[in-house]
Each structure stands twice: as C-alpha cells, then as structure tokens.
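Notes for the one structure printed next.
The values are calculated or read from the model by the stated rules, or taken from the named source; none is laboratory data. Worth saying up front: this structure is predicted, and the values here are computed from it rather than measured. Methodologically, a virtual Cβ is constructed for each residue, glycine included, from the backbone with ideal geometry; neighbour enumeration extends over all protein chains shown. Surface areas here come from the heavy atoms of the whole protein model, side chains and all, with no ligands, DNA or RNA. Shrake-Rupley method; radii C 1.70, N 1.55, O 1.52, S 1.80 Å.
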Amino acid sequence: MNWFVKLDDEDREFVKQLTISSGSLKTLAKIYQVSYPTVRTRLDRIIQKIELTQTNTHTSFENNIMQLVIEEKISLDIAKK
C-alpha cells in the first residue's frame with residue numbers, strides 16, 4: 001500500500017470517506033457539501049496520483065513534475081518544457 005502513504009492527509013481522508021460511504025459518490029457529495037461533478041473530479045485526481053505511484057518508468061523528478069500537474073500547481077505546457 002505504498003500508494004496510500006504517498007497521498008496527502010486530505011486525499012487519505014477522502015478515500016476513507018469514500019470507503020465508509022460504500023463507494024457512493026452521491027453520498028460523498030452530500031458529506032462534503034459539493035456537487036457530484038466536483039467529487040468525481042477529485043476522485044479522478046486521486047486515481048491519477050495512485051496510477052503515478054504505480055509506474056516505475058519515470059524518474060523521481062518526472063514523477064514530481066507530473067504530481068504538480070495533477071494537483072494543478074503548474075500547467076501541462078510548463079511541465080513539458
């Protein structure tokens with residue numbers, strides 16, 4: 001479960017709430033008081049983070065850059081440069 005410890009606290013809490021709500025994104029939207037698409041987007045980002053930890057084809061630097069793109073801290077265009 002190396003992927004789980006690499007998630008930040010907020011993402012781990014989100015995964016916990018998702019599990020407690022039996023995977024219901026609708027229930028999760030009510031818990032977080034946000035729309036279903038917002039929950040879906042957040043889940044998609046967490047999935048991307050997990051997938052990133054599962055690939056060993058990139059260097060640590062490349063993984064860090066991809067993580068910044070996933071978290072929308074830098075743009076994809078900047079990351080490519």
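Just a few scattered comments:
- Label-point gap, in nm, between residue 5 and residue 50 - each point 7 angstrom along Cα→Cβ: 1.8
- Listed residues 33, 67, 48, most fluctuating in the chain (Gaussian network, C-alpha, under 10 Å): 33
- Of all lysines in the structure, those lying under 23 Å Cα to Cα from residue 16, and not within fewer than 8 positions of it along the same chain, are 6, 26, 30, 49.
- Rolling a 1.4 angstrom probe over the protein heavy atoms with all chains in place gives the chain an accessible area of 73 Å² per residue.
- Simple label model, 7 Å out from Cα along Cβ direction - residue 19 to residue 36, nm: 2.6
- Expressed as a whole percent, the accessible area of the chain that falls on carbon and sulfur atoms is 55 (1.4 Å probe).
- In nm, spacing of pseudo-spin labels at residue 64 and residue 77 (7 Å Cα→C-beta vector): 2.5
- Across the chain, the longest run free of exposed loop sites, meaning GluC sites (Glu not before Pro) lying outside DSSP classes H, G, I, E and B with no more than 14 other Cβ atoms within 10 Å, spans 1-70.
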